[in-house]
Structure formats: structure tokens, C-alpha cells
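*Asks:* Could you have a look at this structure, given as C-alpha cells, before my questions?
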Amino acid sequence: AQKVTQAQTEISVVEKEDVTLDCVYETRDTTYYLFWYKQPPSGELVFLIRRNSFDEQNEISGRYSWNFQKSTSSFNFTITASQVVDSAVYFCALSEANTGFQKLVFGTGTRLLVSP
Amino acid sequence: EPEVTQTPSHQVTQMGQEVILRCVPISNHLYFYWYRQILGQKVEFLVSFYNNEISEKSEIFDDQFSVERPDGSNFTLKIRSTKLEDSAMYFCASIRTGIMNTEAFFGQGTRLTVV
């Protein structure tokens, strides 16, 4: 069964602090994809990144970086020098080959509050 | 940049009424999805649709729900007799290929309020 756990319900930081959002996943499949989405207060879902199970290279995009570790089934997301505009709910999601990648399973989300 | 468009952005309906939520996926996309997010909760898969038929559905997607692509551009979700617990944000998504290693484009959502 596929499952995504985001244990941090809410994180509050002050602007310019670094923050890491945790994501732990469960899957029996050897081929899968992991995603992060951002949901700002306006409600839409904004795609941030996808990573396939064969690519454990960490990725950096501006202030964002992702650490994928299969050994711990984790796909953590770090925001460096956070800004108020980063305030949002962040969702980690998983899609498996054995479902034909037909659906995303989301975690419960982490609400990030960045104060000035 | 192409985008998935959903209408209306907010709909209020009385319990027991039928509602149709509309989505216009990106034009060259082949796979279409509906997801639901009850306020403050996680986003949940409802149904996937390909080649004019449902390819997978969740247990949430019971007989009260139906989807169709009536005219080759719109993709609709119908709830026949709404219940209070159907109140949620409904997201439409589309992807070009059948595997989720490509980016799933989500619409901005329709907030459904059942009173």
C-alpha cells in the first residue's frame, strides 16, 4: 500500500531562517515518483518538483532544495532564507508504477508560516 | 503558458441538488483527473479518465459521482444528489502522457459548499 506521511502539521519561522519540511513515504513498488506541491492561501496547487525512484541525486532550485534518500524512504524539502511569500501549505505526493501512475497519493500537508 | 481552467471558482448548492463542475484541460493532454480536498485536509484522488472512459476510481467515487468529456474539450464532474460532506475544493488535473513522471497540471479548483 502506498502512503505518504508529513509529520509536521505546522511550522513557524521568521523570515530568512532555513526550514526543512519532512516527507516519509511507503511503497512496495520499486518504480515510483515523488512530488512536492505548494498550496498558497489562494488555494491552487503549484507543482514544485518530481523525482523518480531511480534518481537519488539531490536537487537545488534557487532557495529550494530536495533531499531524496531511499534508505530512509524520505524526500525532504528545504527552503533556504525563507520569505513571507513562502507561507503556504506544502504537500508531498507519491505515484506508483503498479497503479500505472494513475493517481497521486498526497500527504496531509505541512503549513509553513513565515513571519517578517 | 497553457493552464487547466475550472469553472465556477465557487459554487453554493442546497443539499440534494445536482451540481456539475467544469474543467477545460490543456489541449494536447490525454489523461484527466479529479481530486478532492475537504477543508484543512489532504488532497484525495477521485477518478482518472482516458480515452473517454474511467481508468481508475477511488472508493470515494460512488454512484453519486460521474465524469464525462462531452465535447472533446470540457471535462466535467457531476454529483447527482449533493450531501453536506461533499463540501470541499475540487481540483481537476491533466497530463499529456499516461505516466505521472510528467508534471500534472492542476486547475485552480472549484470550492463547493453544500448547505
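*Asks:* Average partner chain C-beta neighbours within 10 Å, per residue of A:91-100?
*Replies:* Mean shielding by partner chains, rounded to a whole number: 3.
*Asks:* May I ask for the equivalent-ellipsoid semi-axes of the protein assembly as shown, computed as the square root of five times each C-alpha gyration tensor eigenvalue and listed largest first in whole Å?
*Replies:* Working: eigenvalues 175, 88, 49 Å².
Whole-Å semi-axes of the equivalent ellipsoid: 30, 21, 16.
*Asks:* While we're looking at this one, here's another question. Relative to the compact globular guide of 2.2 N^0.38 Å, what is the alpha carbon radius of gyration of chain A, as a ratio?
*Replies:* With N residues counted in chain A, Rg over 2.2 N^0.38 Å equals 1.03.
*Asks:* Separate question: Could you tell me the calculated FRET efficiency between B:GLU85 and A:SER71, based on Cβ-Cβ distance and R0 = 35 angstrom, to the nearest 0.05?
*Replies:* The computed FRET efficiency comes out at 0.30.
*Asks:* Could you give the length gained by full extension between B:GLU56 and B:GLU68, i.e. 0.36 nm per residue of separation minus their alpha carbon distance, to one decimal place?
*Replies:* 2.9 nm
*Asks:* Under 18 Å from the 7 Å Cα→Cβ point of A:VAL13, by amide nitrogen: which residues of region A:20-47?
*Replies:* Correct set: A:20-24, A:36-41.
*Asks:* What's log10 of I(q)/I(0) for region B:43-115 at q = 0.13, 0.24, 0.25 Å⁻¹, Debye sum over Cα points only, no solvent?
*Replies:* -0.41, -1.39, -1.48
*Asks:* Taking the number of other C-beta atoms within 10 Å as the exposure measure, put B:SER81, A:SER82 in order starting with the fewest. Let's see the in-between values first.
*Replies:* On the way: B:SER81 12, A:SER82 22.
Starting with the residue having the fewest Cβ neighbours, the order is B:SER81, A:SER82.
*Asks:* How many Cβ atoms of partner chains, on average, are near each residue of A:37-46 if near means within 10 Å of its Cβ? Each step should come with its number before you reach the end.
*Replies:* Details: counts 3, 0, 6, 0, 0, 2, 8, 9, 12, 1.
Whole-number average of other-chain Cβ neighbours for A:37-46 is 4.
*Asks:* Measuring from label point to label point, each 7 Å out along Cα→Cβ, what is the B:THR76 to B:GLN11 span in nm?
*Replies:* 0.9
*Asks:* Would you list which lysines come within 18 Å of B:LYS78, measuring only between C-alpha atoms, while excluding same-chain residues fewer than 8 positions from it?
*Replies:* Straight-line reach from B:LYS78, under 18 Å: B:LYS57.
Every read-out reported here was derived from the displayed coordinates using simple, explicitly stated rules and does not represent laboratory data. Nothing here was measured: the structure is a model prediction, and the numbers come from that model. FYI the Cβ positions are ideal-geometry reconstructions off the backbone, even for glycines, and counts take in every protein chain you see.
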